[in-house]
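The values are calculated or read from the model by the stated rules, or taken from the named source; none is laboratory data. Quick caveat, the model's predicted, so the values are computed rather than measured. Positions of Cβ are backbone-derived with ideal geometry, glycine not excepted, and every protein chain shown enters the neighbour counts. SASA here: full protein model, heavy atoms, side chains in, ligands and nucleic acids out. Shrake-Rupley method; radii C 1.70, N 1.55, O 1.52, S 1.80 Å.
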Amino acid sequence: MKLPIYLDYASTTPVDPRVLEVMKDHLSLEGNFGNPASRSHSFGWKAEEAVEDARSKVANLVNCDTREIIWTSGATEADNLAIKGVARFYKSKGNHIITSKVEHKAVLDSCRQLEREGFEVTYLDPDKNGLISSDLVENSITDKTILVSLMHINNEIGVINDIKSIGELTRERGIIFHVDAAQSTGKVKIDLKDIKVDLMSFSAHKTYGPKGIGALYVSRKPRVRLEAQIHGGGHERGMRSGTLPTHQIVGMGEAFYIADQEMELEVERIRNLRDKFWDGLKDMEEIYLNGDFEKRAAGFLNVSFNYVEGESLIMALKDIAVSSGSACTSASLEPSYVLRALGLKDELAHSSIRFAVGRFTTEEDINYTVDIVKDSVEKLREISPLWDMYKDGVDMDSIEWAAN
Amino acid sequence: MAYSKKVIDKFENTLNEPHKNSVGRWDPKEEDIGTGMVGAPACGDVMRLQIKCKEKGNSHVIQDVKFKTYGCGSAIASSSELVDMLKGKTLEEAKVIKNSEIADALDLPPIKIHCSVLAEDSIKQAIEDYESKI
């Protein structure tokens, strides 16, 4: 076993060695370094061929047409392009957008920007398990609604929204449906011929590809129009200008090809590890699993360890790489807005840790982590005045705390 | 966030040898004990600091200290650092301890200064509590 142990696969993943090999062939003089937009020589043609091959691999994983895939710098740019691009193009049709409080900041901040431009945005509250139901969406639709933007898998708790049924009702009403699927590829099956989604954002680096590359699926039937957000040479059919980074694109293509080939086995392996992990922890006193357990992507465990502050637990788990919803790990000193939207008390949000299991996690890693988490939580509770109070039977909600 | 080595050392020592590092509690009703509890669970940190004092001449001296802290690593280290500063001090000396002394001793980054402020508040409150008993 190698320390430190990486259990933050929802944040980013290492590039798969097979992906790295392909990327290396597309950079130097000896390799395929040409500009895919160069039409006048074989260097450009070869690079274009590699880019198109990668595009078809991405399209294959999600079952769409290759012409529906637009390269971007990542899921953040894809979200920006989808939301701002649709809103600005269709603004004569309406000015209302529906999204949720648990979206990634790329979606929330794009919506905030549109609010400044005069759009109205409804931010839906998820249920206590973190899910957005189609009923909730339906009840918020007005005759001014032009766009619904919701995530497929939540990046903090891993719950999976029912985008199929939401897509049915948006399509019926002619409302454009954007889905942020940055966390989904390689974790759950996506079939864009089956679900009625108009726009979908993808990221390479959450699926063992490189950082700095992503894609936006833009439906052709029905045809969705976008206002470009980056202007230049008219690449990507005018939707996203900028020289295509061949090495990153082939990296994303290879990563998505591997995901397509291996997903079934990998998901089962990861789910077994995750379940073993939770089995090891679940009998601890005063711990809470955040988010729906059943409708959840395989690798995710988001756990609150009551009366222990998350950042101190991360510090005690010094050989384990995880992340926390604790305020102290963010620049804003606010605890996770996602966990708070679930209705969690602030103290439970402060006490949360996200464990995300991935491709290179071993059973030994899990066993080691279970032991050290239990030991660290016990030690931190030993020095926690709140644990004393809990053990003494003090009702902490009845205390008037002096806010600092 | 990268922590200073001093914060990490203080935090780890406290965690691994709590009793050697003054982790614990006394009955707050005891005559010679002053208790201060500051912070709030919703804000992510709560410190409970207790001082055991004895009259010596015309002042009172802190003979021993116990604490427990719920909070980030810097909050725990700040409490522990404060405890080291308090032992053997008179109440007058303890009253003038400033949060900046704790922050400097631990090389706290600006975003963690509030941890040292909380520590200063905890000793002020503990002294107040003790003085209300004498």
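Overview of values
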quantity: Pairs with Cβ under 7 Å, 6+ apart, first in region B:90-104 and within 25 Å of B:K54 (Cα to Cα), second open to solvent by 90 Å² or more (accessible area, probe 1.4 Å) and part of a helix (DSSP H, G or I); calculated: none
quantity: In region B:39-74, the residues that are free of Cβ contacts under 8 Å to residues at least 40 places away in the same chain, farther than 30 Å from A:E311 by Cα and touching a strand residue (DSSP E or B) at 6+ places or on another chain (Cβ under 7 Å); calculated: B:K52, B:K54, B:S59, B:V61, B:I62, B:Q63
quantity: Residue match in region A:240-261 (condition: touching a helix residue (DSSP H, G or I) at 6+ places or on another chain (Cβ under 7 Å), under 30 Å from A:P36 (Cα atoms), of a type in the set (S, T, Y) and not in a strand (DSSP E or B)); calculated: yes
quantity: Residue in region A:300-312 that is small (G, A, S) and either facing another protein chain (nearest Cβ under 10 Å) or free of Cβ contacts under 8 Å to residues at least 12 places away in the same chain (or both) present; calculated: yes
quantity: Filtered residues of region A:137-152 (kept if part of a loop (DSSP other than H, G, I, E, B) and within 27 Å of A:G74 (Cα to Cα)); calculated: A:H152
quantity: Region A:218-228: number of residues that are in a strand (DSSP E or B), open to solvent by 10 Å² or more (accessible area, probe 1.4 Å) and not basic (K, R); calculated: 0
quantity: Enumerated helices (runs of 4 or more DSSP H) restricted to region B:1-116, each holding at least 2 residues that are out of contact with any helix residue (DSSP H, G or I) (no Cβ under 6 Å at 6 or more places or on another chain), surrounded by fewer than 24 Cβ atoms within 10 Å (Cβ to Cβ) and within 11 Å of chain A (Cβ to nearest Cβ); calculated: B:5-16
quantity: Residues located in region A:30-55, provided they are closer than 13 Å to A:E254 by Cβ and either crowded, with 18+ Cβ neighbours inside 10 Å or free of Cβ contacts under 8 Å to residues at least 12 places away in the same chain (or both); calculated: A:A50, A:V51, A:A54, A:R55
quantity: Sole exception among (1) in contact with a strand residue (DSSP E or B) (Cβ under 7 Å, 6 or more places away or on another chain); (2) under 16 Å from B:P41 (Cα atoms); (3) more than 9 Å from chain B (Cβ to nearest Cβ) for A:I353, by number; calculated: (2)
quantity: Selection from region A:276-299 of residues that are surrounded by 15 or more Cβ atoms within 10 Å (Cβ to Cβ) and either within 21 Å of the chain's Cα centre (by Cα) or within 14 Å of another protein chain (Cβ to nearest Cβ) (or both); calculated: A:E286, A:L289, A:N290, A:G291, A:D292, A:K295, A:R296, A:A297, A:A298, A:G299
quantity: Sole exception among (1) closer than 15 Å to A:E286 by Cβ; (2) more than 13 Å from chain B (Cβ to nearest Cβ); (3) not basic (K, R) for A:T361, by number; calculated: (1)
quantity: Checklist (1) modelled with pLDDT of 95 or more; (2) surrounded by fewer than 17 Cβ atoms within 10 Å (Cβ to Cβ); (3) over 24 Å from A:E103 (Cβ atoms) applied to A:H247, failing item; calculated: (2)
quantity: Residue list for region A:332-363, restricted to those being assigned to a loop (DSSP other than H, G, I, E, B) and without any contact (Cβ under 8 Å) to a residue 40 or more places away in the chain; calculated: A:S332, A:L333, A:E334, A:P335, A:K345
quantity: Any hit, region A:367-382, residues being of a type in the set (S, T, Y), within 10 Å of chain B (Cβ to nearest Cβ), touching a residue at least 40 places away in the same chain (Cβ under 8 Å) and in a loop (DSSP other than H, G, I, E, B); calculated: no
quantity: Filtered residue count, region B:15-38, keeping only those that are under 24 Å from A:E311 (Cβ atoms) and of a type in the set (S, T, Y); calculated: 1
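Every residue, every condition in (1) under 36 Å from the mean Cα position of the chain (by Cα); (2) modelled with pLDDT under 95, yes or no:
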| site | (1), (2) |
| --- | --- |
| A:E347 | yes, yes |
| A:S351 | yes, yes |
| A:F360 | yes, no |
| A:Y368 | yes, no |
| A:D375 | yes, no |
| A:R381 | yes, no |
| A:W387 | yes, no |
| A:Y390 | yes, no |
| A:A402 | no, yes |
